[in-house]
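Below is one structure, written out as C-alpha cells; the observations come after it.
The values are calculated or read from the model by the stated rules, or taken from the named source; none is laboratory data. Only a predicted model underlies this, so the values are computations on that prediction, with no experimental measurement involved. Cβ placement follows ideal geometry from the backbone for every residue including glycine, while neighbour counts extend to all protein chains displayed.
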Amino acid sequence: MAAMPVRESPLLSAVGRVPLVEITAICDIAPHCRLFATVEGVNPGGSIKDRPVARMLLKGIQAGHLDGGRRLLDSSSGNAGISYALFGAAMGIPVTLVVPGNASRERIDRIRASGAELILTDPIEGYDFAVSEARRLARERPDCYWYCDQYSNPENWRAHYETTGVQLLRGIAAITGRAPDAFVGGIGTGGTLTGVGRRMKEANPQTRVVVAIPDEFPGIEGLKPLGHPGDMVPAILDETLIDRRVAVRMEDAIPMCRLLARAGLFVGPSSGALVHAACRVAIEDGLHNIATILPDTGERYVSTGLWSGQGT
C-alpha cells in the first residue's frame, strides 16, 4: 500500500507549551501546602490529551499504520477525541471516534466541527462500552481502520514521561529547589498517571503518587471509577506506582472549579477533583510540595450547568 500523504501542521509544535502555575487559591484550605500544576487547557486542542495524541499519531504515521487510506479509529470520553479530530483535520487524516453519549455538548460539537466521523454510544453503558465498540469495529474492518487504542498504546504514557513529567519536575525544582512530595493525578487511559508517576519516582523514589477516583455514577468526565467488578483497567496503567487512592465526587469538584475560576483558572471538573484530592492529601498526610495537572478548559462544560448551577 502506498504511503499516505500527510500534511505537516505547526499545531504539533505548540503541544505542551503550557504554563506551570502555583495554585494559591487553596491557601485557606491547605495553608501549609504549595500546589503546582500545568495549565493544559492552553494546548491547541484545549486539553492534556494533545500530548499523547500528537505522539501516537506521529508514531502511527511513521509505522505506516495509516497507509492505504485507512481511517484513524479510537474511543474517547471527549478530550482525546477533540485532539484526534483537530490534528486529523490539520494533517489530512480521516478520523472515526466512538464517544459515550454523555460527553458534554461542547466536546461533541467540537469533534463534529473538525469533520471527524462520530459514533455515539449509550451513556448508561459508560466509557468501557465505547472502548468495546471501537475494538469491535477494528476487528471487523482492519482494512478500513487503524485502531490507535489510547488505552493500550505505550506511546500514550511515553508522551507524559518525556514531556509532562519533565516539565513538572524542572519547573517545581526551579521554584522550590527540590522534587515534589507527591503527584496527584486521575485515571482515564492511565497514560498521565503512568508516565508522570514513573518520571517522578525515578527522580525521587519517595515522591508519592496519588490517584483521584470518582463515584461510578454520575462520575466525573475524563476520570475512570476503578475498583468495581467488571471495570476495564487500561493496559498501560501501572498500578504499582499508586501509593494512595482518594475518593472524589462532583460535589467536591464543582466548588473547587468555581474557586479556581475566581483565581483566574477557568478549568473543567476533573481539574477541580484533582485539586480537591491534593488538598486532602496535603492536610491528611502533611505534604507540603505537591504537583498536579489542570487537564482541560472550563469552556468545555458550560452546557452542563457547572458555572450557572443549573443543568440543561
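List of remarks:
- Residue among Arg170, Arg158, Arg198 that is closer than 17 Å to Thr38 by Cα and assigned by TED's automatic domain parsing to the domain that holds Val267: Arg170
- When Glu299 is tested against (1) under 19 Å from the mean Cα position of the chain (by Cα); (2) at pLDDT 95 or above, just one condition goes unmet, and that condition is (2).
- Hey, Thr189 buried (at least 24 other Cβ atoms within 10 Å of the Cβ), part of a loop (DSSP other than H, G, I, E, B) and touching a residue at least 40 places away in the same chain (Cβ under 8 Å) or not: yes
- Residue satisfying all of: in region 252-299; among the acidic types (Asp, Glu) and farther than 16 Å from Gly222 by Cα; surrounded by the fewest Cβ atoms within 10 Å (Cβ to Cβ) among these: Glu284
- Of residues in region 61-75 being surrounded by 14 or more Cβ atoms within 10 Å (Cβ to Cβ) and of a type outside the set (Gly, Ala, Ser), the one farthest from Arg139 (Cα to Cα): Ile61
- For region 162-179, filtered to residues that are hydroxyl-bearing (Ser, Thr, Tyr) and in contact with a strand residue (DSSP E or B) (Cβ under 9 Å, 6 or more places away or on another chain), the residue that is surrounded by the fewest Cβ atoms within 10 Å (Cβ to Cβ) is Thr176.
- Note on region 216-237: residues that are surrounded by 15 or more Cβ atoms within 10 Å (Cβ to Cβ) and either outside any strand (DSSP E or B) or β-branched (Val, Ile, Thr) (or both) amount to 10.
- Residue in region 110-129 that is within 17 Å of Ala235 (Cα to Cα) and crowded, with 19+ Cβ neighbours inside 10 Å present: yes
- Residue match in region 136-144 (condition: assigned by TED's automatic domain parsing to the domain that holds Ser104, surrounded by 17 or more Cβ atoms within 10 Å (Cβ to Cβ) and closer than 27 Å to Arg107 by Cα): yes
- Residue in region 167-180 that is in a helix (DSSP H, G or I) and touching a Gly at 6+ places or on another chain (Cβ under 8 Å) present: yes
- Residue within region 19-37 that is assigned by TED's automatic domain parsing to the domain that holds Thr164, more than 27 Å from Asp143 (Cβ to Cβ) and touching a Pro at 6+ places or on another chain (Cβ under 8 Å) present: yes
- Residue selection: Gly219 fails the criterion of being touching a Gly at 6+ places or on another chain (Cβ under 6 Å) and farther than 12 Å from Val184 by Cβ.
- Filter result (under 17 Å from His160 (Cα atoms) and either acidic (Asp, Glu) or modelled with pLDDT under 80 (or both)) within region 202-232: Glu202
- Qualifying residue in region 49-71 (condition: without any contact (Cβ under 8 Å) to a residue 24 or more places away in the chain and either outside any helix (DSSP H, G or I) or touching an Asp or Glu at 6+ places or on another chain (Cβ under 8 Å) (or both)): yes
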